[in-house]
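First up is the structure itself, then whatever we jot down about it.
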Amino acid sequence: MTQPDPLIIVGGGQSGLAAARAALDAGLRPVVLHAGAEPVGSWPRYYDSLTLFSPARHSALPGMPFDGDPDRYPHRDEVVDYLRRYAAALDVEVRTRTRAVAVRSTPGGGYLVRTDTGDELAGIGVVAATGSYANPYVPSLPGQDEYGGDLRHVADYHHPDGYAGKRVVVVGAGNSAVQVAYELTGHARVTLATREPVRFLPQRIGGRDLHHWLHVTRGDRLPRAVITRLVRHATVLDTGRYRQAVTSGELARREMFTRFTPDGVVWSDGTHDAVDAVIFATGYRPDLNYLAPLDTLEHGTPRQVGGISTTHPGLVYLGLEFQRSFASNTLRGVGRDAAHVMEALAAQAGDRPRLGKQRHRRAAAQLRRDTAGRH
């Protein structure tokens, strides 16, 4: 008996592993393609001091809680080990050091995924779960090409070694920007450059972590349309130390500079500072170039609703920011999204194909309504 084509999951980080678990639960056969040496996503490449902003009890993927104190905030390396164990427990086929380079649809409704090893894999569907870490966003500012200092994205920052005594500007108003800038204040002269004042959100409320309240109030599950109206600016989760550092001047904050010079930056008030290094903590964009042959991307952004493609049935996404909720691109939220998109894939692959098509049509109609509302 011929075995049916598998479901191809592109990406072996938290989103890809959550997709594999959901695929197994839905009776599908997943094959995970991961460009790295082991299925732990981009976590080993994050800066050394990174810790989760959610406690262990609220940071797990479906089916396997974190070991140890559930109220601690796991370190980067703990997350790497957790994902390693999660992948091993799934017992699915994971092809490491295998990068998807192109995805094409087939006349029969499936897909062919070509890899950098030269292989082509046929699949009943594709889960694009590659996240965004490999596609950091760095804005272009006047004079940037002539700047002679060290300019990098926070994706390439790992520890404060090498910054001792230097003049450093960190650009950004989110968690990573503030955490890295604060870490550097013990080693360098640091300025945090932002377009607006930094907004802080208490890490603990009423003696409980914020994520406890998000869980009991179901705030983590608020739909995307509501979240995008509520969350219009970057917000920093804070126990109080970051706000105190900014308020006291320990961590200087200035309005974003307007241009680079060969040896520094020019601030919005026209003053010039010599600067040794600039670190952009300005976010990421979806890493989806391998989908280019499908013509499903619009300026690099997938056309989808809730993670379900509005252009290609059988194509779904996981790990997009605000895909369905505030927690969509986090350890604690991606499992719910995985179950959602897998329902559509399983329906299409099984004996209820009309459900998948109906969900696809509803998603397309919703996208048209959303787009009309923006004009």
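The values are calculated or read from the model by the stated rules, or taken from the named source; none is laboratory data. Fair warning: this is a prediction, and the values are worked out from it, not measured in the lab. Heads up, the Cβs are rebuilt from the backbone with ideal geometry, glycines too, and the neighbour counts pull from every protein chain shown. Note: accessible area is taken over every heavy atom of the protein model, side chains too, but ligands, DNA and RNA are not part of it. Shrake-Rupley method; radii C 1.70, N 1.55, O 1.52, S 1.80 Å.
So what's the convex hull volume per residue for the Cα atoms of segment 94-135, in Å³? Show your work: numbers first, answer last.
On the way: hull volume 3.7 nm³, N = 42.
Cα-based convex hull of segment 94-135, divided per residue, equals 89 Å³.
Quick check: the distance between the Cα centres of segment 277-336 and segment 151-196, to the nearest angstrom?
27 Å
Based on DSSP loop calls and a cut-off of at most 12 other Cβ atoms within 10 Å, the longest stretch of the chain free of exposed trypsin sites (Lys or Arg not before Pro) is what? Present the calculation step by step, with values, prior to reporting the outcome.
On the way: sites that count: R195, R218, R232, R374.
Of all site-free stretches, the longest is 1-194.
Report the dimensions of segment 240-336 along its three principal axes from the alpha-carbon atoms, largest first, rounded to Å.
54, 36, 20
How much of the DSSP beta bridge set in the chain is antiparallel, as a percent to the nearest 5?
Working: 24 of 58 bridges.
Expressed as a percentage, antiparallel bridges in the chain total about 40.
In square nanometres, what is the average projected area of the Cα convex hull of segment 91-162? Could the numbers behind the result be given before it?
Values: hull surface 36.6 nm².
About 9.2 nm², averaged over all directions.
State in Å² the accessible area per residue of segment 98-181; use a 1.4 Å probe, count heavy atoms of protein chains only, and round to the nearest integer. Could the numbers behind the result be given before it?
Values: 3610 Å² over 84 residues.
Counting only protein heavy atoms, the per-residue value for segment 98-181 is 43 Å².
Once Rg and Dmax of the Cα atoms in Å is worked out from the coordinates, which option in (i) 22.1, 67; (ii) 21.9, 74; (iii) 22.8, 73 does it equal?
Comparing each candidate, only (ii) matches the computed number.
Hey, how many Å between the Cα centroid of segment 30-76 and the Cα centroid of segment 94-124?
Between the Cα centres of segment 30-76 and segment 94-124 lies a distance of 27 Å.
Once the principal axes of the Cα atoms of segment 73-198 are found, what is the range along each, listed largest first in whole angstroms?
Principal-axis extents of segment 73-198 (Cα, largest first): 59, 38, 29 Å.
Using a probe of 1.4 angstrom, how much of the accessible area of segment 1-123 is carbon and sulfur, in percent? Can you show the working numbers first?
Values: 2740 of 5630 Å².
After summing per-atom areas, the C and S share lands at 49 percent.
Between helix 175-184 and the chain, what is the angle of the helix's C-alpha long axis to the longest principal axis, kept within 0 to 90° and rounded to the nearest 10?
Compared with the principal axis, the helix lies near 40 degrees.
What are the ³J(HN,Hα) couplings of segment 81-91, residue after residue, when phi is run through the Karplus curve with 6.51, -1.76, 1.60 and θ = phi - 60°? Round to Hz, x for glycine and proline.
Here the 3J(HN,Hα) series is 5, 4, 5, 4, 5, 5, 4, 5, 6, 5, 6 Hz.
So what is the relative contact order of the chain, in percent, for Cα pairs below 8 Å that sit 6 or more residues apart? Could you put the intermediate results ahead of the total?
Values: 752 pairs, mean separation 77.0, N = 375.
Rounded, it is 21 percent for the chain.
Taking 22 Å as R0, compute the FRET efficiency from the Cβ-Cβ separation of H159 and E321 and round it to 0.05. All intermediate terms of the calculation are to be shown ahead of the outcome.
Details: r = 26 Å, r/R0 = 1.19.
For H159 and E321, the calculated efficiency is 0.25.
Hey, could you pull the Cα Rg and Dmax for segment 1-100, both in Å?
14.4, 52
If the viscosity is 1.306 mPa s and the temperature 10 °C, what translational diffusion coefficient in µm²/s does Stokes-Einstein give for segment 304-351 when Rh comes from Kirkwood over Cα pairs?
Working: Rh = 10.8 Å.
Answer, rounded: 148 µm²/s.
Treating only the Cβ of Lys, Arg, Asp and Glu as charged (+1, +1, -1, -1), what charge dipole size does the chain show about its Cα centre? Round to the nearest 20 debye. Before the final figure, lay out each step's value.
On the way: 45 positive and 39 negative charges, 330 e Å.
Dipole of the chain, to the nearest 20 debye: 1580 debye.
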